[in-house]
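Okay, structure first, notes after.
Just so it is clear, none of the values below were taken in a lab; they were calculated from the coordinates. The shown structure was predicted, so the numbers you read here are calculated from the model rather than taken from an experiment. Ideal geometry is used to build each Cβ from the backbone, glycine not excepted, and the neighbour counts take in all protein chains shown.
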């Protein structure tokens, strides 16, 4: 089932073009990877999907879809504990707190939920943001650079969680510079370059993906 359909999406900041007639779709129950150079527009694409910025073109979502977004850098107020942040995120979706579910999930994340979230390390903040999304029980999870700042053990946990979400029929879109990790996890990988999706890779080898990306980037710079 098609979950999100995007057609001719364009976005500019002043005279700076970021996205230009981008078209792509995402189906239910799959893991999608999104790669691109710094400044290619990955975060802008996510903001458009979330309705956090205006744009030209069409973004059509399946009716009543619940979307959870984890930005590359989450913001935490200085005097809010990890537990209070989770409460806020759950109530924002109109759902009730489930103390048992929080305790069960925190056995995996092992976060000091009574401490101020602003004092957490980068990896701990990533875990807290993801934990909050999981407790919302969304249909679609958009994760912007989720592996940045996460240690080896955390990366292994995160990959297991992403696979488990897919097994539950959820859809996940992940942006990352780690092509090897995306290749390991994703059903399909999109290459965002020169303001639009240049290619979607399905069942392609790492060597093929890396070679084509290098050729496209080098061709642009010559």
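If each residue's Cβ is checked for other Cβ atoms within 10 Å, how do 16, 43 rank with the fewest at the top? Can you show the working numbers first?
Numbers: 16 8, 43 19.
Ranked by crowding around the Cβ, least crowded first: 16, 43.
With each run of n ≥ 4 DSSP H residues scored as -39500 (n - 2.57), what mean residue ellipticity at 222 nm is computed for the chain after dividing by its residue count and rounding to the nearest 500 deg cm²/dmol? List each step's numbers first, then the result.
Working: 7 runs with 85 residues, N = 222.
My calculation for the chain gives -12000 deg cm²/dmol from helical runs alone.
What angle, in degrees between 0 and 90 and rounded to the nearest 10, separates the Cα long axis of helix 206-221 from the longest principal axis of the Cα atoms of the chain?
So the inclination is approximately 60 degrees.
So how do 196, 155 line up by other beta-carbon neighbours within 10 Å, fewest first? Write down the numbers at each step before the final one.
Details: 196 19, 155 15.
The order, fewest Cβ neighbours first, is 155, 196.
What nm distance separates the two modelled labels at residue 115 and residue 103, each placed 7 Å from Cα along Cα→Cβ?
Here the answer is 2.2 nm between the modelled labels.
Compute the distance in nm between two label points, each set 7 Å from the Cα along the Cα-to-Cβ direction, one at residue 50 and one at residue 7.
The answer from the label model is 2.7 nm.
With N set to the number of residues, divide the alpha-carbon radius of gyration of segment 67-151 by 2.2 N^0.38 Å and report two decimals. Intermediate values should be presented prior to the final figure.
On the way: Rg = 11.8 Å, N = 85, 2.2 N^0.38 = 11.9 Å.
Against the compact-globule rule of thumb, the ratio is 0.99.
Quick one: Debye curve from the C-alpha atoms of segment 1-121, no solvent, what's log10 I(q)/I(0) at q = 0.11, 0.17, 0.18 Å⁻¹?
For segment 1-121 at q = 0.11, 0.17, 0.18 Å⁻¹, log10 I(q)/I(0) is -0.54, -1.04, -1.09.
Does anyone have the angle between helix 99-109 and the longest principal axis of the chain? Alpha-carbon axes, 0 to 90°, nearest 10?
60
Sort the chain into rounded, prolate or oblate with this rule: let a ≥ b ≥ c be the square roots of the eigenvalues of the Cα gyration tensor; rounded if a/c is under 1.5, and if a/c is not under 1.5, prolate when a/b is larger than b/c, oblate otherwise. Numbers along the way, then the final one.
Details: a/c = 1.72, a/b = 1.55, b/c = 1.11.
Note, shape of the chain comes out prolate.
Taking Cα centroids, how far is segment 1-71 from segment 111-178 in Å?
Value for the Cα centre distance between the two parts: 20 Å.
So what's the angle, to the nearest 10 degrees on a 0 to 90 scale, between helix 82-92 and the longest Cα principal axis of the chain?
70
How would you rank 74, 25, going from fewest to most other Cβ atoms within 10 Å of each one's own Cβ?
Numbers: 74 18, 25 13.
By the 10 Å Cβ count, ascending, the order reads 25, 74.
Pairs of Cα atoms under 8 Å, at least six residues apart: use those to get the relative contact order of the chain, whole percent. It would help to have the intermediate numbers written out before the result.
Numbers: 366 pairs, mean separation 63.5, N = 222.
Contact order relative to length: 29 percent.
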